[in-house]
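Asker: My structure is below; once you've seen it, I'll send some questions.
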Amino acid sequence: MSATLVLPVALVPLRQHPELRTWAWALGANTLAYVLFVLRGQVSDLLSVVLANVAVAQTLVLFYLGICRFQQREPSRWLSVAPVLLVGASFPLLLDKLPLRVMLGCSVYAAQSLACVVILIRCREQTIGRGQYLLMAGFTLATLVSLFRIGAAASGYMELLSILLTNPVQVTTFLVLIVALILFGTGLALMVHERSESQLARQSGLLEQQNRLLQQYSNRLEAANLSLTELSITDSLTGLGNRRHFDEVLRTEWERARRGGKPLALLLIDIDCFKDYNDCYGHQAGDDCLMKVATVLRTSLRRAGDLAARYGGEEFAVVPVDADLEQARQLAQAICRAVAAQALAHVRSPHGRVTVSIGVAALVPSLDAQSEPEALIRRADAALYRAKEGGRNKVEVDRLPARCVNAPS
């Protein structure tokens, strides 16, 4: 039974579980002890009695060391060395005194088994699972067998002392020891398995927690990146797109219109007499004026893809997506009326209130790769100039051909 148990215990990855390596050596020592017991009379007493009982003491020492390693406790030096030395030194002197030899040996074995039970009980709160209770039961049975043999020796029942004699008591004793051996072999293996499962569950929990933290960090990082992206394309005062964003969107829409052969429209908007407004009411009021005009632009957009941006100073730009010249003109008229409807006082304006002038242009980009969106800006700017020259608070539309003509190089 001992030899059979050595193999499955030794097959476990011993580098990861050094306590099982110690346990395998213990079972090997127990195997040696009982082989020598069986050879009693065929080999010298030094082997079949002295060495065999030293092997039994060493078996229990190794069991004890395996438990200490599992519990990560410092083993007692006395329990690690004294039992083997005591048996090895005394048994050669007691070869002819069977009762004394049995009483001494079984007292040592009982003390060793009891020490294993004690350390298991002391560490039961820190040990996970049921394997520890199998070991407790096994060492308790081993202790009882040793105590029984001590009692038999003290009472003079010589027929119960020799392991080579067959009688019901000896058979029962060996059956009990076989059960104890099975408990030894499975108990620590189960403890190791339960500890590994617990560590795996704990590591899985930690990994899950770390994944949650990483996800939260990723979400915060993504939100921060979105915020930074938003800040990089947004005018800080008006909340509209800034000049950089306008240039990017205009070029993107220009390329899309060129591929689709559709017109691209642009509105350039200028607040009338804005310098006079700042001089009269102050820069704080000027900022408020810019924000109110920006609000009108934002609420006037028709589609989610339409862009309103601060072009520079008191100038704004609107890029209406998929709009032709007439649709762009209607949007510009609506913006012009909405700004005037705010009735924001402006005593230095010929209209007595804040108004805007708007230049509108629309072009179908040329398929020639040299065509650039600056051509559309120039046309809208020219229309804006005419609106300002024509009395302000009005919309002027570019009247040149809608097809883009490349400028001469």
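Asker: In terms of Cα to Cα distance under 13 Å, which aspartates and glutamates are near enough to residue 97, apart from those fewer than 8 places away along the same chain?
Answerer: 45
Asker: Give me the 1.4 Å probe accessible area per residue for the chain, excluding ligands and nucleic acids, in Å².
Answerer: The answer is 53 Å² per residue.
Asker: Let me ask something else about it. How high is the relative contact order of the chain, given as a whole-number percent (alpha carbon pairs under 8 Å, six or more residues apart)?
Answerer: About 11 percent, as a whole number.
Asker: Further, regarding this structure: Measure nothing but the geometry: give the 0 to 90° angle between the long axis through the Cα atoms of 98-122 and the longest principal axis through the Cα atoms of the chain, rounded to 10°.
Answerer: Roughly 20 degrees between the two axes.
Asker: Just to confirm a number: summing +1 for Lys and Arg and -1 for Asp and Glu over residues other than residue 86 whose beta-carbon lies under 15 angstrom from that of residue 86, what do you get?
Answerer: Result for the neighbourhood of residue 86: +2.
Asker: Leaving ligands, DNA and RNA out of it, work out the accessible area of residue 347 with a 1.4 Å probe and give it in Å² to the nearest 10.
Answerer: That residue has around 110 Å² of solvent-accessible surface.
Asker: Along the Cα→Cβ direction, 7 angstrom out, place labels at residue 114 and residue 74. What is the inter-label distance in nm?
Answerer: Between residue 114 and residue 74, the simple spin-label model gives 2.5 nm.
Asker: Give, to the nearest whole percent, the P(r) tail of region 226-344 beyond 18 angstrom, counting all Cα pairs.
Answerer: Distances greater than 18 Å cover 53 percent of the Cα pairs.
Asker: Something else about it: Multiply the residue gap between residue 343 and residue 225 by 0.36 nm, knock off their C-alpha separation, and tell me the result in nm, one decimal place.
Answerer: Contour length minus Cα-Cα distance gives 38.5 nm.
Asker: Which lysines have a Cα less than 24 Å from the Cα of residue 388, not counting those fewer than 8 places away in the same chain?
Answerer: Cα-Cα hits under 24 Å: 275, 292.
Asker: Same structure, new question: What is the percent carbon and sulfur in the accessible area of region 215-333, measuring with a 1.4 Å probe over the protein chains and ignoring ligands?
Answerer: 51
Asker: Let me ask something else. When all alpha-carbon pairs of region 35-123 are counted, what percent fall beyond 16 Å?
Answerer: Here the long-distance tail beyond 16 Å is 54 percent of all Cα pairs in region 35-123.
Asker: Still on this structure, please answer the following. Rounded to the nearest 10 Å², what accessible area does residue 218 show when all protein chains are kept and the probe is 1.4 Å?
Answerer: Solvent-accessible area, nearest 10 Å²: 50 Å².
Asker: Can you list the HN-Hα couplings for region 182-191, worked out from phi with the Karplus curve (6.51, -1.76, 1.60; θ = phi - 60°), rounded to whole Hz and with x for Gly and Pro?
Answerer: 5, 5, 4, x, 8, x, 5, 4, 5, 4
Asker: Take the Cβ-Cβ distance between residue 386 and residue 217 as r, set R0 to 51 Å, and report the resulting FRET efficiency rounded to the nearest 0.05.
Answerer: 0.40
Asker: Give me the compactness ratio for the chain, meaning the Cα radius of gyration over 2.2 N^0.38 Å.
Answerer: Taking N as the residue count of the chain, the ratio is 2.23.
Asker: Please give the net charge around residue 321, taking every other residue with its beta carbon less than 12 angstrom from that of residue 321, where Lys and Arg add +1 and Asp and Glu add -1.
Answerer: That works out to 0.
The values are calculated or read from the model by the stated rules, or taken from the named source; none is laboratory data. Only a predicted model underlies this, so the values are computations on that prediction, with no experimental measurement involved. Ideal geometry is used to build each Cβ from the backbone, glycine not excepted, and the neighbour counts take in all protein chains shown. Quick note on the areas: whole protein, heavy atoms, side chains included, nothing else; ligands and nucleic acids left out. Shrake-Rupley method; radii C 1.70, N 1.55, O 1.52, S 1.80 Å.
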